[in-house]
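The structure appears right after this line, and notes come after that.
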Amino acid sequence: MPVGAQAVGRALAVLGLLTRNTQGVPVTRIAEELELTPGTAHRLVRALLAEGYVARDPAADSFYLGNTAILLGQAAQRALGVERARTMLEHLNAETDESINLVIRHGDQSLIIMRIQSTLPLRFEQHPGDRYPLYSTASGKAILAFAEDRDEYLKSLPKRLSPLTPSTLKTPASLASELRAIQQRGYSIDNEEAFEGVLCVAAPVLGPSGAAHAAVGIQAPMVRMRGDRVADLGARVAEVASQVATVIPPEAMIWKH
């Protein structure tokens with residue numbers, strides 16, 4: 001790899017690491033996680049700091065994404081139609097009073113890229129950048145049910161799935177059965193499978209080929225998800241996911257790293 005390309009690749013790796021760690025990361029950890037020498041890590045961080053892509057917390061001597069990175073992300077969201085999707089999610093949030101997520105697939109995980117938080121006192125906190133196993137969340141299962149590599153993914157799983165809660169699906173067979181039900185229903189349900197006391201419904205954002213790389217989810221405490229509300233919200237989130245598909249191109253929903 002040319003020296004210049006290697007430096008660019010390493011700088012992007014630093015930005016990727018900071019994207020995944022919103023609390024700030026010291027240089028020593030950057031070097032360790034990216035397998036860089038301390039000197040190389042320091043040079044990369046200084047260069048990014050000078051351009052505003054990285055900012056420093058003097059008290060903790062750690063680094064986080066800077067203003068230039070924020071502006072870059074906002075420009076990308078506008079160019080890819082994500083801001084138009086935000087309006088749709090805000091309307092759904094106002095209509096339901098519940099938290100709304102836009103989620104994409106990142107390998108074998110679901111990755112939140114947009115969050116409209118409920119304003120009700122009883123709610124569960126999540127943030128853009130949070131990631132969970134695909135099989136454990138409504139959004140992840142909605143994506144998997146319509147994924148081009150669904151069968152390959154199921155074959156890659158261990159015989160026993162690692163649980164997040166006592167309600168997490170236990171085996172690939174139980175997941176496969178759930179995915180078939182989602183295909184029929186058009187939306188998925190996470191019944192305390194990722195977090196105890198929390199129920200989510202989600203629907204896939206489908207591309208022209210019928211494959212999903214993203215999902216829209218509604219998240220609420222179990223106490224507010226009684227009776228017919230789950231089915232009602234499932235039908236509604238499926239409508240919004242279809243609307244989102246009209247403003248965000250499929251390539252914008254594929255995580256490249």
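What to note about this one:
- Nonlocal amide H pairs with Ala214, under 5 Å, H built at 1.01 Å: Val205
- Most mobile listed residue (Ala215, Ala59, Ala142) in the chain, GNM with C-alpha springs under 10 Å: Ala59
- Think of the chain as a dipole: +1 on every Lys or Arg Cβ, -1 on every Asp or Glu Cβ, centred on the Cα centre; then among Leu199, Gly9, Gly66, Gly9 lies furthest on the positive end.
- Between helix 3-20 and the chain there is an angle of about 50 degrees, using the helix long axis and the longest principal axis of the Cα atoms.
- Sulfur and carbon atoms: percent of accessible area, the chain [1.4 Å]: 55
- Within the chain: Cβ-based charge dipole about Cα centre, in debye rounded to nearest 20 (Lys, Arg +1; Asp, Glu -1): 260
- Each Lys and Arg adds +1 at its Cβ and each Asp and Glu adds -1 at its Cβ; summed about the Cα centre, segment 126-187 shows a dipole of about 260 debye.
- Nearest-0.05 FRET efficiency for Leu120 and Arg229, computed from C-beta distance (R0 22 Å): 0.95
- Annotation: extensible slack from Asn67 through Ser174 equals 34.0 nm (criterion: 0.36 nm per residue apart, minus Cα-Cα distance).
- Gaussian network model of the chain, springs between alpha carbon atoms under 10 Å - residue of Asn21, Asn191, Asn101 with greatest fluctuation: Asn21
- Overall shape: oblate for segment 165-227, with the ratio a/c of the largest to smallest alpha carbon gyration tensor axis at 1.5 or above and b/c at least equal to a/b.
- Largest-first ordering by accessible area, 1.4 Å probe, given options His91, His42, His213, His106: His91, His42, His213, His106
- Excluding same-chain neighbours fewer than eight residues apart, the aspartates and glutamates reachable from Lys141 by a Cα-Cα span under 17 Å are Asp108, Asp130, Asp149, Asp151, Glu152, Glu178, Asp190, Glu192, Glu193.
- For the set Val14, Val8, solvent exposure ranked by accessible area (probe 1.4 Å, protein chains only) runs largest to smallest as Val8, Val14.
- Database remark: amide H of Val54 closer than 5 angstrom to the amide H of Leu49, Gly66 (H placed geometrically; neighbours at sequence offset of 5 or more, or on other chains; Pro and chain starts carry no H).
- Angle in degrees between helix 229-245 and the longest Cα principal axis of the chain, rounded to the nearest 10: 50
- Computed from backbone phi, the HN-Hα couplings of segment 46-63 come to 4, 5, 5, 5, 5, 8, x, 6, 10, 10, 10, 9, x, 5, 9, 6, 10, 10 Hz, rounded to whole numbers (Karplus: 6.51 cos²θ - 1.76 cosθ + 1.60, θ = phi - 60°; Gly and Pro given as x).
- Helix 172-185 axis versus longest C-alpha principal axis of the chain: approximately 70°, rounded to the nearest ten.
- Highest to lowest packing among 127-138, 195-206, 148-159, 174-185, scored as the average C-beta count within 10 Å: 195-206, 127-138, 174-185, 148-159
- The chain, relative contact order in percent, only Cα pairs under 8 angstrom and at least six apart counted: 16
- Prolate/oblate/rounded label for segment 142-257 (Cα gyration tensor, a/c 1.5): oblate
- Heavy atoms of Thr119: accessible area, 1.4 Å probe, square angstrom to 10: 120
- Order by protection proxy (mean Cβ within 10 Å, highest first), peptides 26-34, 235-243: 235-243, 26-34
- The accessible-area ordering, largest first, of the residues Leu15, Leu164 stands as Leu164, Leu15, per a 1.4 angstrom probe.
The values are calculated or read from the model by the stated rules, or taken from the named source; none is laboratory data. The structure presented is a predicted model; accordingly, all values stated were derived computationally and were not measured. Cβ sites come from the backbone with ideal geometry, for glycine too, and all protein chains shown count toward neighbours. When the accessible area is computed, the model is the full protein with side chains, heavy atoms only, and any ligands, DNA or RNA have been set aside. Shrake-Rupley method; radii C 1.70, N 1.55, O 1.52, S 1.80 Å.
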